[in-house]
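Working notes, beginning with the structure itself.
The values are calculated or read from the model by the stated rules, or taken from the named source; none is laboratory data. Keep in mind it's a predicted model, so treat the numbers as computed, not measured. Reconstructed Cβ throughout: ideal geometry from the backbone, glycine too, with neighbour counts over all protein chains shown.
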Amino acid sequence: MEVFYENRFKELGKRIKLTRKGQDLTQEMLAEKAGVSQHYIYEIEAGRKAMSIHSFASLTTALDVSADYLLFGDGQRIFDVDTPGSSQ
């Protein structure tokens, strides 16, 4: 069972990294937007760290994606409203 969760963390980390890079964000930039440290982003992307619900919600908002997409690879972007300072 432990291997199952380890693989899920790695899959989640890969989706976060791909999404971040697709938006031309560095780990530092994402960390600032999500209110976490750059090292925390590194650990999540590497699949080494589990997230709290609060951190996960902050990342979905910072990356402008649905929770379903990050968790399962399903779903689409959900926040399409331009906000001050956004690069859309």
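Structure data summary
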{"quantity": "Residue that is farthest from K10 (Cα to Cα), among those in the stretch 43-60 that are surrounded by 15 or more Cβ atoms within 10 Å (Cβ to Cβ) and within 11 Å of the chain's Cα centre (by Cα)", "calculated": "S58"}
{"quantity": "Every pair of residues 6+ apart whose Cβ atoms lie under 8 Å, when the first sits in the stretch 16-27 and is in contact (Cβ under 8 Å) with a residue 12 or more places away in the chain while the second is acidic (D, E)", "calculated": "I16/E45; K17/E45; R20/E45; Q23/D64; Q27/E45"}
{"quantity": "Of the criteria (1) under 23 Å from E6 (Cβ atoms); (2) at pLDDT 95 or above; (3) not hydroxyl-bearing (S, T, Y); (4) not in a helix (DSSP H, G or I), which one L25 fails", "calculated": "(1)"}
{"quantity": "Residue check, Y69 touching a Lys or Arg at 6+ places or on another chain (Cβ under 8 Å), surrounded by 12 or more Cβ atoms within 10 Å (Cβ to Cβ), modelled with pLDDT under 95 and assigned to a helix (DSSP H, G or I)", "calculated": "yes"}
{"quantity": "Residue within the stretch 73-80 that is over 9 Å from the mean Cα position of the chain (by Cα), at pLDDT 95 or above and among the charged types (D, E, K, R) present", "calculated": "no"}
